[in-house]
Structure formats: C-alpha cells, structure tokens
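**Q** Take this structure, written in structure tokens, and hold onto it; I'll ask about it next.
The values are calculated or read from the model by the stated rules, or taken from the named source; none is laboratory data. Fair warning: this is a prediction, and the values are worked out from it, not measured in the lab. Quick reminder, even Gly has a Cβ in these numbers, built from the backbone with ideal geometry, and neighbours come from all protein chains shown.
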Amino acid sequence: MVDEIATDSPLEAAAGAAGPRAIEAFATLGNETRLAILLALWEAYDPFAKANTIPFTELRKRVGMRDGSQFNYHLQQLVGHFIRKTDDGYELNRGGLQFVQTVIAGTGIEEQTLESTELDRGTGALASVTGSWSSCRRCGAPTAVTYQDRELYLLLGRKCSRQVSIRRPCSRRLRAAAHQ
C-alpha cells in the first residue's frame, strides 16, 4: 500500500523524492512571460561568446512587455533557477540552457527518426562510425543507417535483418550526413 500525503497541490503530491526545489522550478515555468524571457535569452545565446548577457531594458523590449515592474517580477522568479544575474544584465545559467535546448530539440515532444539510408563504401562523414562494415558478412546486403529512439543504428543486412546500435550520442552533423 502506498502512503498518501494530503495536499491541495497535484504538483506537490506527484513530486515525491524530487523535493521542493523541483516543485518550485516546475511552478516557475508555468507562465508565458517567463517562457518568453527564456526564449529571448536563448535567441541571444552564442556558445562561443565570453558572455551572453542582455541588459534589463533590452530583454524587456525583446519580450515585448511594457510594464517594467511586472516584467521584473517574472524575471526575478527565474533568477537562480534558470537565469543568472550579472553586473551587465541577465543570461541563461546551465539549467536554463539545458531546459531551452531540450524544448527546442523536441526531446520527449516529437520522436525524431530517419528512414534507413544505404551507405557508400566507408566514405564521407559516416566512415568513422561504419568502419569496414560496407556490407553484411552474413547476407552481403549493403550497410544502411537509421536513427530511432535517440540512437544511430547500422543495418548490416537488410536480407537477414542484422542490426547494430551505436551507443554514443548522435550529432546533428552525423544525422544530416546519414540523410544525404
């Protein structure tokens, strides 16, 4: 039997071991203005820049909010969880960056797949991944590649249904090369 905790908040009831910080973070994201702030900071983000800060006034302008005090309220709700305040303005912290990248990438929202594509004999961007597997040793069928469930798979033999998962993160460049 599961012990039930009496609460008026479904978020608190579901959070369990995640704790109060997780509850706070999820509650913080439940506002359109706050999400717009995160997206505005993401649009300004440059991974090669030393700093990615945006001054308060410019950030408010990018979000399109006229009321400075209301904007400041929502901005302060994000500081610490998803945003870092510096002397020069505001920027995404690691948690904010990871959250926005996850949403933008569609992880958990839309399943990304690529149809199987035959590979040339160990040439191009996929050569380092496929190595000498240009055809199946069992049935002789050409090697193909497919992307499903966030993993890259080599289809070694279409006739014999031999498949190998490459257990490492698949970069966009590699997925794009597979689709050419």
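**Q** What are the pairs with Cβ atoms under 9 angstrom where one residue, in the stretch 85-102, is over 16 Å from Phe26 (Cα atoms) and touching a residue at least 24 places away in the same chain (Cβ under 8 Å) and the other, located anywhere, is among the acidic types (Asp, Glu) and assigned to a helix (DSSP H, G or I)? Sequence gap at least six, or different chains.
**A** Gly89/Glu58
**Q** Tell me the residue from Pro55, Pro47, Pro20 that is without any contact (Cβ under 8 Å) to a residue 24 or more places away in the chain, loosely packed, with under 15 Cβ neighbours inside 10 Å and either over 16 Å from Val100 (Cα atoms) or not assigned by TED's automatic domain parsing to the domain that holds Gln98 (or both), please.
**A** Every option except Pro20 fails the conditions.
**Q** Does the stretch 64-104 hold any residues that are surrounded by fewer than 18 Cβ atoms within 10 Å (Cβ to Cβ) and of a type in the set (Val, Ile, Thr), and which are they?
**A** Within the stretch 64-104, Val79, Thr86, Thr102, Val103, Ile104 meet the criteria.
**Q** Go through (1) at pLDDT 90 or above; (2) touching a His at 6+ places or on another chain (Cβ under 9 Å); (3) farther than 30 Å from Tyr147 by Cβ and name the single condition Arg21 misses.
**A** (1)
**Q** Looking for something at pLDDT 90 or above and small (Gly, Ala, Ser) - is there at least one such residue anywhere in the stretch 45-63?
**A** Scanning the stretch 45-63, I find no residue that is at pLDDT 90 or above and small (Gly, Ala, Ser), so the answer is no.
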